[in-house]
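The values are calculated or read from the model by the stated rules, or taken from the named source; none is laboratory data. If you're wondering where the values come from, they're calculated on a predicted model, not measured in any experiment. Because the Cβ atoms are built from the backbone with ideal geometry, glycine has one as well, and the counts that use them run over all protein chains shown. In case anyone asks, the SASA skips ligands and DNA or RNA and just uses the protein heavy atoms, side chains included. Shrake-Rupley method; radii C 1.70, N 1.55, O 1.52, S 1.80 Å.
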Amino acid sequence: MTHHIFPSILDADPKILNDLLRMFEMQHLKGIHIDIMDGNYVPSFGFNERFVKWLSRETNLYLDLHLMVSSPEKYVDKFVEAGASAITVHSDCNEDLYYLITKINSLGIDSGIALNPGFSPESIKYLLPLIRRVLVMTTCPGRVGQNISIMSQKVNWLDKKRKNGNLNYRIAVDGGITSSNIQTFMCANCDDFVSGSYIVKSKTPRENLKKLLRVTDNG
Ligand code: DX5
Ligand code: ZN
């Protein structure tokens, strides 16, 4: 299976965002990760649909939207119209997950479910055949600094489930991914890696990205 790194641009300095996008394209990345926050599901606010529209004009990278919002249904159409390539919603949002996932699928883009650290993948087992990706949160959304390695057990569980059930969702991790911990998740058979500040806040974003790519390309 091919692995992908999705840089999360939430913490990127807007002044260098264009340079970062060009660098991601030069490195032949598949896409970027975009955090949408409503100030309710998480205390902060993230990007909106106008920004997603701007990005879709600016780059051909796959736009991987992570909706950290309480009521995703009201945003889904807007973001698809704005150019989203994928929409991931949280397992503990206020809405019916089955309905949401079938709606996202019917709009012709990839769907995903994000699992916060305290949630078990068992809770979404009936939806696994319907989705393109499970996003395992290695930290609580909007917070930093937890011990993230233990989340590799969830990746293991999801990988076994996928093999036994002949399913083909991808498994991704999000939160605090760096060159020091990516290997743990590679060993658990994780496919995709969201990495934010390690890349975009570094003085050497290209070098840090390359450090991650060295691990995934050899995996
Ligand atoms: C966490 C967000 C992440 C975050 C990743 O609340 O969902 O996508 O931007 O950034 P780092 O890698 O800095 O934790
Ligand atoms: Zn995210």
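Scan around residue 170 for amide H atoms under 5 Å from its own, H built in the peptide plane at 1.01 Å from N, and keep only partners 5 or more places away or cross-chain.
133, 134
When DSSP assigns beta bridges and you keep just the ones with both residues in the range 1-127, what percent turn out antiparallel, to the nearest 5?
Approximately 5 percent, going by the DSSP bridge assignments.
What fraction of the DSSP beta bridges in the chain is antiparallel, stated in percent and rounded to the nearest 5?
5 percent
Given 215, 83, 97, which one lies farthest toward the positive end of the charge dipole of the range 70-216, if we put +1 on the Cβ of every Lys and Arg and -1 on the Cβ of every Asp and Glu?
215
Given a 1.4 Å probe and every protein chain left where it sits, what share in percent of the accessible area of the range 77-176 is carbon and sulfur?
Carbon and sulfur: 49 percent of the exposed surface of the range 77-176.
Can you give the relative contact order of the chain as a percent, counting alpha carbon pairs under 8 Å and 6+ residues apart?
With pairs under 8 Å counted, the relative contact order is 20 percent.
Once the Cα atoms of the range 89-219 are picked out, what are the Rg and Dmax in Å?
Rg then Dmax for the range 89-219, in Å: 15.0, 44.
Grab the DSSP H runs of the chain that are 4 residues or longer, score each as -39,500 (n - 2.57), total them, divide by all residues and round the 222 nm result to the nearest 500 deg cm²/dmol.
-10000 deg cm²/dmol
Could you give the size of the charge dipole of the range 59-153 about its Cα centre, using +1 on the Cβ of each K and R and -1 on the Cβ of each D and E, expressed in debye and rounded to the nearest 20?
Dipole of the range 59-153, to the nearest 20 debye: 160 debye.
List the residues, sorted by chain then number, that are 5 or more residues from residue 90 or on another chain and whose placed amide H is less than 5 Å from its amide H.
For residue 90, whose amide H was placed from the backbone, the distant partners under 5 Å are 69, 114.
So, for the range 72-162, what is the accessible surface per residue at a probe of 1.4 Å, expressed in square angstrom?
46 Å²
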